[in-house]
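I have placed the structure first, in the form of structure tokens, so that the comments after it can refer back to it.
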Amino acid sequence: MTFAVAGVLFQSMPFVVLCCAFSTVLVYARSKFIGEMRHTDMRVTRVMSDKLPFAGQPMSVGVKILNAGPTAIKCALEDELPEDCEIAAGTNKYSGIVPSRSHLTISYTVVPRKRKTYVFQGVRAEMEDEYGLFVHDSVIESRTEINVHTSKESLDRARKLAGREHMEFSGLSRHIAMVMYDLEFDNIREYIPGDRSRDVHWKLLSRLDEMYTKVYVREGVIQTMIFVDCSSSMRAVGSGMSKMDHSIDLCMQVSKVLLSGFHATGVCLLDEISVISKVSPSVGRRQFDRIVESLRKVPPPIFVANSELTWQSQGADKPPTPPESTPEESDRAESDKFLSIIRSLGRGTTDRSSGIGFDGVVRNLLARIVGKKLMMIVITDMLSSRDAILSGARFCGRKGSKMLVIHLCDEWYEDRDQPLDTPDVERLYESLKEHIDIEAKLRRAGALYIRVGPADTTAGLVRAMKLGKA
Amino acid sequence: MLVQFAASMVLILVFSSMNIYTLSLVALGGGMMLFAFFSYYRVGAISGFLLVTICAGASAEIPTLTEAGPLMTATVGLVVPIVGLALFALSSEFEGDHRFRQKAHVLIAGVYATACLASVPISVSLVGAMLPSLSSRLPGLVEMAFVLLVASVGATLLVARETKPN
């Protein structure tokens, strides 16, 4: 440009010709770069060293980049990290020349912060031509998905807890909180002082005027199945603790406690419709590993702003109309709508269960183990799957199996940074009434019920169950 | 690359008439280019290249592009060596073995340079064929306008193409 202006101003033809020469260089470089780009063949292979990554634990990532094309490429490469992932060591970037038909490896360590599915989309490549005149941005796709489990502390806590707490009770107790063994009637004998009153044969007393005691034999350990509700309401997370994460921790720790007492334990993850993953009850050596592996399949949480959760919990039909509609607010309105639909799924409906989801799973399970008893522990927030759980509890009670519902109270998982006002208190009162109603229904169906919040630990839960407080 | 540099410098020196000052500046520019090339320093190489280019442009004698002699001087004495030197200077920071064996881009650049330089003779011959009564001699400014017009339009069209990776 400068040479063209100089040529015109000084009326000098050589400068105009020089301008022509510069344009030729530009055209040449561009054509060459386009040709190189057409023949570029970059391939990316990502290798995760950890097969079972945990939240908060470093995980090694190796990215092998192969330049299979005929030209060397000068580029800046960056392996794109998913959200909530940070680099602990090494680098996910490379800048330099990748010779033709050769490969390079980038190795680094990332720390996933939360339990969820992380997706590595690919490697961002900023390719530069030989002369430094042109740059081309592209993404070399190499999709890698990893399911990051809950934090490892939870697993360690489960191990420690298993050595300390045991679910079964021994000796005399007035509470039959957790029936962990199936008893079969054997015969009767004369009453010996100290026998439990529930074992006395009261009908014979009226007939023979003598006290006899029923004797049972222990037939075997009752199998336990832990159901984790993975419905949408469980996965919705505001600013507080995630119900889903808490339920995974509870499930993992309770199953460890049960397995340590040689109780056959299994896990079933299910959403509103189908079973996501299932591990049949067993006491095998690798049963806990199978349970932990199965819990990886819990779907990732749905993150929603706290204010959105608040107005929905108030039972409002519509979100408060904002004065000006910005893109963020319209997104919020969409998520409001979504959550209100989820919450309305389990509330105020009078329909009986449709036989799908939890209800259907319980029926299938009990139909398969005719003549045997089963202990079912259900970890749920009783929102999306309320009717299915109530129906399942009734069916379970009819079949003689036992059900324990661990109810994660939705309101307790909200992180409040402001004091409660009157509408909040009214809403909490309404939800408490609803919880009491649910509890009454479950107890009528013969199920045990325990209400937990984010502060409740498995140790406290196990003690409460043992002491018959459930 | 060094052969390319040497050949370009020789062509510039052969086809231009330089005095001692211009020669010293060309030598300085050439030295800078070589030094920067071996130091993998592109900015230095381009500075030297600009020095050589300005000296070559100032000392070349091309009054018109409608005659064979000046046209030859413009092509062989200016465009070819300047393109060679420019590529030499620009590739000074590239350390890898970069040999992209394709003739397409050389051909495109060659056709483009030819079109720019031949735009004036072609225009003159077309005007002469269609309007023989007009003088075939165009003012220098008009010739420059033709060259710049063809150069800018051609460069815009060729450079604006999208790069599509495989």
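The values are calculated or read from the model by the stated rules, or taken from the named source; none is laboratory data. Treat the numbers as computed from the prediction; the structure is a model and nothing was measured. Cβ placement follows ideal geometry from the backbone for every residue including glycine, while neighbour counts extend to all protein chains displayed.
Considering region A:30-86, and only residues there that are within 11 Å of another protein chain (Cβ to nearest Cβ) and in a loop (DSSP other than H, G, I, E, B), the residue that is nearest to the chain's Cα centre (by Cα) turns out to be A:41. Comparison of A:411, A:434, A:439 shows that the only residue that is farther than 30 Å from residue A:161 by Cβ and out of contact with any Gly (no Cβ under 6 Å at 6 or more places or on another chain) is A:434. Going residue by residue through region B:96-112, is there one that turns out to be under 30 Å from residue A:11 (Cβ atoms), more than 10 Å from chain A (Cβ to nearest Cβ) and not charged (D, E, K, R)? The answer is no, given that none of the residues of region B:96-112 is under 30 Å from residue A:11 (Cβ atoms), more than 10 Å from chain A (Cβ to nearest Cβ) and not charged (D, E, K, R).
For region B:113-151, a residue qualifies if it is more than 10 Å from chain A (Cβ to nearest Cβ), part of a helix (DSSP H, G or I) and over 19 Å from the mean Cα position of the chain (by Cα), and the qualifying residues are B:122, B:123, B:124, B:125, B:126, B:127, B:128, B:129, B:130, B:142.
Of all the listed residues (A:257, A:292, A:283), the sole one being among the β-branched types (Val, Ile, Thr), in contact with an Asp or Glu (Cβ under 6 Å, 6 or more places away or on another chain) and in contact (Cβ under 8 Å) with a residue 12 or more places away in the chain is A:257.
So that you can scan it fast, the table gives a plain yes or no per residue for (1) crowded, with 21+ Cβ neighbours inside 10 Å; (2) aromatic (Phe, Trp, Tyr); (3) closer than 24 Å to residue A:373 by Cβ:
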position	(1), (2), (3)
A:190	no, no, no
A:196	no, no, yes
A:209	no, no, no
A:262	no, yes, yes
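The set of residues in region A:104-134 that are in a loop (DSSP other than H, G, I, E, B) and not acidic (Asp, Glu) comprises A:113, A:114, A:115, A:116, A:131, A:132, A:133, A:134.
Within region A:370-405, how many residues turn out to be out of contact with any Asp or Glu (no Cβ under 9 Å at 6 or more places or on another chain), surrounded by 20 or more Cβ atoms within 10 Å (Cβ to Cβ) and β-branched (Val, Ile, Thr)? Looking only at that region, the number is 1.
Only residues that are basic (Lys, Arg), touching a residue at least 60 places away in the same chain (Cβ under 8 Å) and over 17 Å from residue A:448 (Cα atoms) were counted across region A:354-409, and they come to 1.
Within region B:24-43, is there a residue that is part of a helix (DSSP H, G or I), more than 23 Å from residue B:116 (Cα to Cα) and within 11 Å of chain A (Cβ to nearest Cβ)? Yes.
Of the numbered conditions (1) in the same structural domain as residue A:103 (by TED's automatic domain parsing); (2) closer than 25 Å to residue B:72 by Cα, residue A:48 satisfies every one except a single condition; which is it? Unmet for residue A:48, out of (1) in the same structural domain as residue A:103 (by TED's automatic domain parsing); (2) closer than 25 Å to residue B:72 by Cα: (2). No other residue among B:10, B:14 is more than 15 Å from the chain's Cα centre (by Cα) and in a helix (DSSP H, G or I) apart from B:14. The condition of being touching a strand residue (DSSP E or B) at 6+ places or on another chain (Cβ under 9 Å), outside the structural domain of residue A:297 (by TED's automatic domain parsing), buried (at least 23 other Cβ atoms within 10 Å of the Cβ) and not small (Gly, Ala, Ser) holds for only one of A:58, A:53, that being A:53.
Yes or no, residue by residue, for (1) at pLDDT 85 or above; (2) touching a helix residue (DSSP H, G or I) at 6+ places or on another chain (Cβ under 8 Å):
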{"position": "A:237", "(1), (2)": "no, yes"}
{"position": "A:250", "(1), (2)": "yes, yes"}
{"position": "A:256", "(1), (2)": "yes, yes"}
{"position": "A:262", "(1), (2)": "no, no"}
{"position": "A:267", "(1), (2)": "yes, yes"}
{"position": "A:276", "(1), (2)": "yes, no"}
{"position": "A:292", "(1), (2)": "yes, yes"}
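For region B:66-82, the set of residues classified as at the interface with chain A (Cβ under 7 Å from one of its Cβ atoms) and either touching a residue at least 40 places away in the same chain (Cβ under 8 Å) or of a type in the set (Ser, Thr, Tyr) (or both) consists of B:74, B:78, B:82, listed by residue number. Considering every residue within region A:33-43, establish whether at least one is surrounded by 18 or more Cβ atoms within 10 Å (Cβ to Cβ), touching a strand residue (DSSP E or B) at 6+ places or on another chain (Cβ under 8 Å) and over 30 Å from residue B:85 (Cα atoms). The answer is yes; a qualifying residue exists. When region A:67-86 is limited to residues that are surrounded by fewer than 16 Cβ atoms within 10 Å (Cβ to Cβ) and either without any contact (Cβ under 8 Å) to a residue 40 or more places away in the chain or not assigned by TED's automatic domain parsing to the domain that holds residue A:138 (or both), the one that is nearest to residue A:36 (Cα to Cα) turns out to be A:70. The set of residues in region A:112-133 that are more than 14 Å from every other protein chain (Cβ to nearest Cβ) and surrounded by fewer than 18 Cβ atoms within 10 Å (Cβ to Cβ) comprises A:113, A:117, A:119, A:121.
When region A:134-161 is filtered for residues that are hydrophobic (A, V, I, L, M, F, W, C) and surrounded by fewer than 15 Cβ atoms within 10 Å (Cβ to Cβ), the ones remaining, listed by number, are A:135, A:139.
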